[in-house]
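The values are calculated or read from the model by the stated rules, or taken from the named source; none is laboratory data. Model, not experiment: these values are computed from the prediction. In this analysis, Cβ positions are derived from the backbone assuming ideal geometry, glycine residues included, and neighbour counts consider all displayed protein chains. Please note that ligands, DNA and RNA were not included when accessible areas were found on the heavy atoms of the full protein model with its side chains. Shrake-Rupley method; radii C 1.70, N 1.55, O 1.52, S 1.80 Å.
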Amino acid sequence: MDMDGVLVHEEHMVPGADAFISALREAGNPFMVFTNNSIYTPRDLRARLLRSGLDIPESAIWTSALATAQFLDNQRPGGSAHVVGESGLTTALHNIGYVLTDREPDYVVLGETRTYSFESITKLIRLVEGGARFIATNPDEKGPSPEGSLPATGAVAALIERVTGRAPYYVGKPNPLMMRSALRTLGAHSENTLMIGDRMDTDVRSGLEAGLQTILVLTGISGEHTAERYPYRPTKVIRSIADLVDHVKDPFGA
């Protein structure tokens, strides 16, 4: 399931999310909480969720930073990267044995940060022009804040692409690669797994393309008629995660 918009809004729990997690545990259903945000480590996110009233173990949290690190480890083990991002991303890359450097790195990795600077973006551009492979953790163009929208990874990646003529490879949702890497971590199969999200363009699409059934909740980005504007549909649309508390064994029942 997605995190923001499904389980929490910023620092506040979506009503019923705690009961849903409890119901999953009682039923013995393994689960994974997803986020495209690469700023935080699973430990950081666990602490944030605890403050909201949700007890989610680190092992059940999957971020675009972890998916990016796993992808790079599979592609080029023991490589090097120049990173623009926060501790969620740098920690994930350190944990796979990557060297973080701006001297002829194998990859340039762009993640989420609240401190994008002209200098750091210029350095990325020059490294990409010099031959570094361009990776971005996720394609989200904007993120929320109490004051309004913030430019996110996808927006900055578009700027770099426009200058260099080199498009990044996005690892996070809607790339089904992120979903499949989480399935492997869970030891689950797509036929027996569903994706719960609040966005058609990332959550539902990535679930669909990874072969999962999907549920769209209306407590986040999507409104009542959002699904009708897309050429694909979720398996089911519900008002809130709370509607599934009594249906963890039959989520598509009446």
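Note down the magnitude of the dipole of region 100-175 about its Cα centre, charges +1 on Lys and Arg C-beta and -1 on Asp and Glu C-beta and zero elsewhere, to the nearest 20 debye.
Here region 100-175 has a charge dipole of around 100 debye.
Can you work out the PRE-style zone for Ser149? Point 7 Å along Cα to Cβ, and I want the residues of region 193-225 with backbone N under 17 Å. Correct set: 199-202, 221-223. Most tightly packed first, judged by the mean number of other beta-carbon atoms within 10 Å of their residues, the peptides 178-191, 37-50, 224-237, 199-212 read 199-212, 37-50, 178-191, 224-237. What a 1.4 Å probe finds exposed on the chain is 50% carbon and sulfur by accessible area, rounded to a whole percent.
Computed from backbone phi, the HN-Hα couplings of region 116-129 come to 4, 10, 4, 5, 5, 5, 4, 5, 4, 4, 5, 5, 5, 4 Hz, rounded to whole numbers (Karplus: 6.51 cos²θ - 1.76 cosθ + 1.60, θ = phi - 60°; Gly and Pro given as x). Tell me which GluC sites (Glu not before Pro) from region 110-162 have a DSSP coil assignment and no more than 10 other beta carbons within 10 Å of their own. Loop-located and lightly packed - Glu147.
Whole-percent P(r), region 19-115, all Cα pairs, 10 Å bins from 0: 16, 41, 26, 13, 3, 0.
Placing unit charges on the Cβ atoms only, positive for Lys and Arg and negative for Asp and Glu, gives region 98-254 a dipole magnitude near 260 debye about its Cα centre.
Positive-end ranking of Leu218, Ile238, Ala136 along the dipole of the chain, with charges on Cβ about the Cα centre, is headed by Ala136. The alpha-carbon atoms of region 35-189 define a convex hull whose volume equals 114 cubic angstrom per residue.
Each listed q (0.12, 0.18, 0.27 Å⁻¹) maps to a log10 I(q)/I(0) for region 147-203, found by the Debye formula over equal Cα scatterers with no solvent: -0.44, -0.79, -1.12.
What's the long-distance tail for region 121-254, i.e. % of Cα pairs beyond 18 Å? Every Cα pair in region 121-254 considered, those over 18 Å come to 63 percent. Between Glu228 and Arg166, what FRET efficiency comes out of the Förster formula 1/(1 + (r/R0)^6) with R0 = 30 Å and r the beta carbon distance, rounded to 0.05? Approximately 0.25, to the nearest 0.05. Helix 64-75 versus the longest principal axis of the chain: what is the Cα-based angle in degrees, 0 to 90, to the nearest 10? Computed tilt is about 60 degrees. Between amide H atoms placed 1.01 Å from N, distances below 5 Å from Met195 occur with Gln213, Thr214, Ile215, all of them 5 or more places distant or on a separate chain.
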